[in-house]
Amino acid sequence: MIYTITLNPAIDLYSELGNSLKIGATNRAKREYVLPGGKGINCSLTLNRLGCKNEAIAFVSGPTGIMLDIMLSGMGVATHLIPCSDTSDITRINLKLKGCDRSETEINGVGPSLCVADIEKLKDYLE
């Protein structure tokens, strides 16, 4: 069993634009989709594709944390998601803007603040 740990997972929202990005103007998407993100989660997704048994451990918060859980379980990823103590935060959302010229601009969200109690939950689980 391989365990991956993602301290700041994300929902990656991809917006493919019909035209080049115009700063200061309204831009219309021609297609949108979401994927789970974060380095450890990306590793777990790859391990799944390779048929390696693994578990994605991650800190989550708010409705986007619930969405991440639904997405990962739908993709067959075994998870242990640790709810953050600060319930006013959300699991971050990253916006990926893809231009018609194949350019990509990213705006990465902040994500929840972890406290000592959150890290203790991770330590307890790993023991």
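The values are calculated or read from the model by the stated rules, or taken from the named source; none is laboratory data. Remember, it's a predicted structure, so these values are computed and weren't measured experimentally. Neighbour counts are summed over all protein chains in view; Cβ atoms, including those assigned to glycine, are modelled from backbone coordinates with ideal geometry. For the accessible areas, the whole protein counts, side chains as well, though only heavy atoms, and no ligand, DNA or RNA atoms are used. Shrake-Rupley method; radii C 1.70, N 1.55, O 1.52, S 1.80 Å.
Scanning segment 9-47 for residues that are open to solvent by less than 50 Å² (accessible area, probe 1.4 Å) and over 27 Å from Cys100 (Cβ atoms), which turns out farthest from the chain's Cα centre (by Cα)? Out of the qualifying residues, it is Leu47.
Among the conditions (1) surrounded by 17 or more Cβ atoms within 10 Å (Cβ to Cβ); (2) more than 17 Å from Ile5 (Cβ to Cβ); (3) of a type in the set (D, E, K, R), the only one that Asp118 does not satisfy is (2). Evaluated against (1) out of contact with any helix residue (DSSP H, G or I) (no Cβ under 7 Å at 6 or more places or on another chain); (2) open to solvent by less than 50 Å² (accessible area, probe 1.4 Å); (3) farther than 21 Å from Gly111 by Cα, Gly51 falls short on exactly one condition, (2).
Restricting attention to segment 72-114 and to residues that are under 12 Å from the mean Cα position of the chain (by Cα) and more than 28 Å from Glu127 (Cβ to Cβ), the residue that is least open to solvent (accessible area, probe 1.4 Å) turns out to be Asn94.
Of the residues Asn94, Asn27, Asn54, the single one that is touching a Leu at 6+ places or on another chain (Cβ under 8 Å), of a type outside the set (A, V, I, L, M) and more than 25 Å from Tyr3 (Cβ to Cβ) is Asn27.
Among the residues of segment 48-62, is any among the acidic types (Asp, Glu) and more than 22 Å from Lys121 (Cβ to Cβ)? No - not one qualifying residue is present in segment 48-62.
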